[in-house]
Structures are given as C-alpha cells and as structure tokens.
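See structure below.
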Amino acid sequence: MQGFTQYMPTKIVFGKAAEKETGKLIKEFGASRVLLVYGGESAVKSGLLDRIKEELRQENIVYEELSGVQPNPRLALAREGVKKAVDMGAQLMLAVGGGSVIDTAKAVAVGAANPDIDIWDVWMGKASVCTAKPVGAVLTISAAGSEMSDSAVITNQEIGKKAGFNSDMVRPKFAVLNPELTFTLPKYQLACGIVDILMHTLERYFTPVSGNQLTDEIAEGLMRTLIENGKAAYEDQENYEAMSEIMWCGSLSHNNLTGLGRPKDFACHKLGHEIGGMFDEAHGATLSAVWGSWARYVYKLDVARFARYGRKVWKIEDKGEEETAVLAIEATEEFFRFLHMPTCIGEMNIGVQSEEVLKKMADSATKGDTVKLGCFKKLSAQDMYEIYKAANHR
Ligand code: NZQ
Ligand code: ZN
C-alpha cells in the first residue's frame, strides 16, 4: 500500500431539515459574527435564506450579507467580500449555495485573514498565506464537492482566467447536507453536477500509481452508485434516496477519499477551466466535452486500467483488454449523452472553436508550455492542443 496523508476535518450534518443545525454549528465553532454569502436567486426564492437568517437570529449571531455570487465566481465580488468581512469583523464565512458560493466564501476567508494581501496574488502563487478564517456551508447543489475539499476556484473576469487555490486551511469546518434542498435544481445543473462528481473520482482513478486496493474499491463503488442514482435522479429529481446518494457521492468524491495513496491527475479539469474562464461555460459541461478526447489520447499508456474501469464500473463483460477499454470510454460518453451533456466543444453553447482559440487555451493552461499538466500522461501545450482539437467536434 502506498503511504498517504488523510485530513478530512469537515463536520457533516446530513438529512432532512439539517439546515436547522446551522446556528448551533456556527456557535460550536466559536463564531458570533458571520458573513452570509449566497448566489443569484435560488436560495432566496426557495425560502432557504430566510430560514437560515432566522436560525442565525435565534442564536444571536450578527451577520452581514454578500449576495450575487455567479457560477464561475468572480474575483471582483470576492474582493468586495473581503472588505465587508474585515469591516464587520467576521469570524466565519457562511456559504449558502453551491461550489461557486462556497469558493467565494473560501476566497473571502483567505482575504479576511490576510487583509494586506490581494487574494488574486495568492491564487496566482505570487503570495503565500498560512491562515484563513473558518468557512461553513449549507449546500444546495451536489457537484463541486467544495463543502469538504481543500480547493477554491475563482475567475478573474478582467483577464478571462480561472484558477484554483489548494490548501487544507480552506476546508470547511462544517457542511450541512439536506438532499431536499437540491430538488429545485434546473435539470442542466443537476446533470453538470453529476458529471463533475464522476470526474473528481476519475481524475484520481487514472494515475500512474497503482496499489491501495481499498482506495480502488471505494472509487469504483462510488462511481457505480453515482451512475445508478444519477440516472434515477435525472428521471425524477424529487427521488429523495437517489438525490441523497448523489449528494454524499459529491462530498466524498472530492475530499480525496477516492484518491488516497496516489497523486491526482486533474488534467481534464485544467482543460475545462480554460474553457470556463474564457467562455463562462458551466464547469460540468466543460468536463464532459473534453473527457472522451483525453481518454482516447492517453488510454494506450495503461489499457489494463481502462479495461478494469470498464469491468468494475460499467459491468462490461471482458472482451479482451483493448476492446473493453474502448467500450468503457464509450459507456462513459453514453452516460454523458443520457444526461444531455456535451461530449465535444461543438456541442457546447460556444460551438466549434478556431485553431487559434484552442492554441491559446493550451498555452494558457501550461503557462506558455513551461509546465506539464496531469500525471497519467504529463501533457505539454502540444498535447493539450491535440486533445482540444479532437474534442472540438465529432
Ligand atoms: O445563483 P443561484 O440562483 O443560487 O443559482 C445557482 C447557479 O446558477 C444554481 N443553484 C444552486 N443550487 C440550486 C440552484 N438552482 C436551483 N436550486 C438549487 N438548489 O446552480 C447554478 C450553479 O451553481 P454553482 O455554485 O456554480 O454550481 P457548482 O456547485 O457546480 O459549482 C461550480 C463551481 O465550482 C468550481 C467550478 O469550477 C465552478 O466554478 N469547482 C470547485 C471545486 C472546489 N472548490 O473544490 C472543485 C470543482 O472541480 C470545481 O472546479
Ligand atoms: Zn470539478
């Protein structure tokens, strides 16, 4: 078994009406002044936000609000949040929403603990920090896994660049998971979320390091559970059992449980973030659009691994390593199609892109071909361009 470090500090409260615990959880983590961060309208419309505010009042928690977080959350709003948090002396950032809201709260938490530093410098690796304010989350969409992850992804719209910051210091202290809160999701967002959850484990499953049988079995079990319940939830998203399984898959898929003992690849995320940063496309769609092309580009490096994925996750009868591997890639794309997710760039809202744009994205992702991305195959700018080209249209 390979060695690993495991750190999963987030307290999870899961189930119907779990959000009623929010005020108590904030108190438990020693905060009485909170910045309440939320998105455009869904939490307001559903009445969730009012219920959370009532919870805060009942616990005598002072709060101010940072609203209007958009998908592919903007740096500008996070900077505004830092100012608010510092001015009010916020002791904890409470995110009510999805990955974009939680990531904004995380960015504010970093900025509020380090007010002399511009947060984008931290995201660009130009400034380092060793502390952040605590974050708590009330999750409304199963997708990014930010409620347990060490990551926060922010978009600097001025330059069309999306970037992540990874550190244990931004792992939320607690997360409230009530699957019923996800019943109101638009079908497209539900589907994007399911793709993202699958990708978080796939990006940990295809790496050059083997071993850790239990990690493999957990990863395969999570993917099978997600696929089965993803199909059921897509047909009926008020199916509480299916939405519950998806929600828990979402948290475990990105807290690193499915990758213990091996490095993360995350090349597809890098490919997707370039599309998201440049064109403001939904994260999950950017991943389904590139994964098949990435897989076909790299699978020969370890055909047996792709074949195992086919047998264990897609229950494909063994037809020899090569054929089973290819069938596994096709089955994954078929699942994306079932969810009405794009399997190439041309099927996204932005349509087929010019060679110039593809090259620009490959160049930006690899910082002018100075870094290689991923580890299953370390991708150069040329490799990324080839994958984008293959993913442009089918
Ligand atoms: O703003 P509102 O009105 O709330 O609408 C949101 C938003 O339009 C809507 N929504 C959320 N919950 C809803 C709902 N609509 C109705 N009912 C509900 N219950 O869904 C839309 C998408 O929300 P968003 O927060 O953007 O979704 P998601 O959780 O997929 O987050 C995506 C962001 O997370 C980043 C992505 O890159 C992207 O920016 N990621 C963050 C990660 C992390 N921090 O660990 C890892 C991921 O790989 C990912 O990169
Ligand atoms: Zn993701």
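Looking only at residues in region 245-275 that are of a type in the set (Ser, Thr, Tyr) and within 12 Å of ligand 1 (Cβ to nearest atom), the one that is nearest to PRO342 (Cα to Cα) is SER253. Exactly one residue out of ALA163, ALA152 is near ligand 1 (Cβ under 6 Å from one of its atoms) and assigned by TED's automatic domain parsing to the domain that holds LEU66: that is ALA152. When ALA144, ALA191, ALA152, ALA232 are screened for being away from ligand 2 (no atom under 16 Å from the Cβ) and at pLDDT 95 or above, only ALA232 passes.
Filtered by the rule that a residue be within 21 Å of GLU158 (Cβ to Cβ) and crowded, with 24+ Cβ neighbours inside 10 Å, region 64-100 gives LEU66, VAL69, PRO73, ALA78, GLY81, VAL82, SER100. Selection of first residues in region 274-289 that are in a loop (DSSP other than H, G, I, E, B) and of second residues that are more than 10 Å from ligand 1 (Cβ to nearest atom) and open to solvent by 10 Å² or more (accessible area, probe 1.4 Å), restricted to Cβ pairs under 8 Å at least 6 apart or on distinct chains, gives the following pairs, ordered by first then second residue: GLU281/MET348; GLU281/ASN349; GLU281/ILE350.
Among the strands (runs of 3 or more DSSP E) confined to region 31-101, the ones with at least 3 residues that are in contact (Cβ under 8 Å) with a residue 40 or more places away in the chain are located at 33-38, 92-97.
With respect to the conditions (1) open to solvent by 10 Å² or more (accessible area, probe 1.4 Å); (2) of a type in the set (A, V, I, L, M, F, W, C); (3) within 13 Å of ligand 1 (Cβ to nearest atom), ALA127 falls short on a single one, namely (3).
Would region 371-394 turn up any residue that is without any contact (Cβ under 8 Å) to a residue 40 or more places away in the chain, more than 23 Å from LYS231 (Cα to Cα), polar (S, T, N, Q) and open to solvent by 10 Å² or more (accessible area, probe 1.4 Å)? Yes; the residues of region 371-394 include at least one that is without any contact (Cβ under 8 Å) to a residue 40 or more places away in the chain, more than 23 Å from LYS231 (Cα to Cα), polar (S, T, N, Q) and open to solvent by 10 Å² or more (accessible area, probe 1.4 Å). For region 327-352, filtering for residues that are in a helix (DSSP H, G or I), open to solvent by 10 Å² or more (accessible area, probe 1.4 Å) and either free of Cβ contacts under 8 Å to residues at least 12 places away in the same chain or closer than 20 Å to THR225 by Cα (or both) leaves 6. Against the definition (within 14 Å of ligand 2 (Cβ to nearest atom) and either farther than 17 Å from ALA109 by Cβ or part of a loop (DSSP other than H, G, I, E, B) (or both)), how does GLU180 come out, yes or no? Answer is no for this residue.
The values are calculated or read from the model by the stated rules, or taken from the named source; none is laboratory data. Just so it is clear, the model here is predicted, and its values are computed rather than measured. Backbone-built Cβ (ideal geometry, glycine too); neighbour counts: all protein chains shown. Just the protein is used for accessible areas: all its heavy atoms, side chains included, with ligands, DNA and RNA removed. Shrake-Rupley method; radii C 1.70, N 1.55, O 1.52, S 1.80 Å.
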